Amino acid sequence: MKANMNATRTQKNLEAAFAGESMANRKYLYFAKIARKLGDEEVAALFEKTANEETAHAFSHLDLIFHDEKMTVQRLLELAIEGELYETNHMYPEFEQVAREEGDAAAVAEFKEQAAESAGHADIFAQAAKRFAGLAKVEAVHAARYQQMLDKKPA
Ligand SMILES: [Fe+2]
Ligand SMILES: [Fe+2]
């Protein structure tokens, strides 16, 4: 996630806690996959159950970060586009440069590929935002037409 420069310490801590819980979630799902491959179904299931609880922890941090009660679909798409473009245009190019300097070809390839994937995600979200804006306009036209009809109706 893009760092918010004007955030309070608590807002920054919420972001860090969200990052930690999110990482725990994906890490435990990954560990479950390995444990299952190693033949320990019980430990795999334990990792999966705990991963779900980490998701709940991450979501309650997100509620305080994004104030879900005030959210709109348009804003969700804007935030998603912002995050994906940050990855595409800033984060991955910087990481790729460092990997190149350090001669880590696998990481260079990984960062390049993921930058392209993030650009793809930004595109898909942008298309959805356009559709949403279009729908909102159509809705407004329908509402206005309906209101006109109501206004013309004889009493
Ligand atoms: Fe947790
Ligand atoms: Fe993405």
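A few points about this structure:
- Ellipsoid semi-axes for the chain, based on the Cα gyration tensor and the rule √(5λ), read 40, 23, 18 Å when sorted largest first.
- Divide the volume of the convex hull around the Cα atoms of region 1-67 by the residue count and you get 69 Å³ per residue.
- Three semi-axes describe the equivalent ellipsoid of region 72-155; taken as square roots of 5 times the Cα gyration tensor eigenvalues and ordered largest first, they are 48, 9, 6 Å.
- Estimated from helical segments only, the mean residue ellipticity of the chain at 222 nm is -29000 deg cm²/dmol, where each DSSP H run of four or more residues counts as -39500 (n - 2.57).
- For region 103-149, a simple Cβ point-charge model (Lys and Arg +1, Asp and Glu -1, everything else neutral) yields a dipole of about 540 debye relative to the Cα centre.
- Dipole magnitude for region 72-155: computed about the Cα centre from +1 point charges on Lys and Arg Cβ and -1 point charges on Asp and Glu Cβ, it is near 1240 debye.
Read-outs throughout are calculated quantities, based only on the coordinates presented, and are distinct from any laboratory measurement. Treat the numbers as computed from the prediction; the structure is a model and nothing was measured. Positions of Cβ are backbone-derived with ideal geometry, glycine not excepted, and every protein chain shown enters the neighbour counts.
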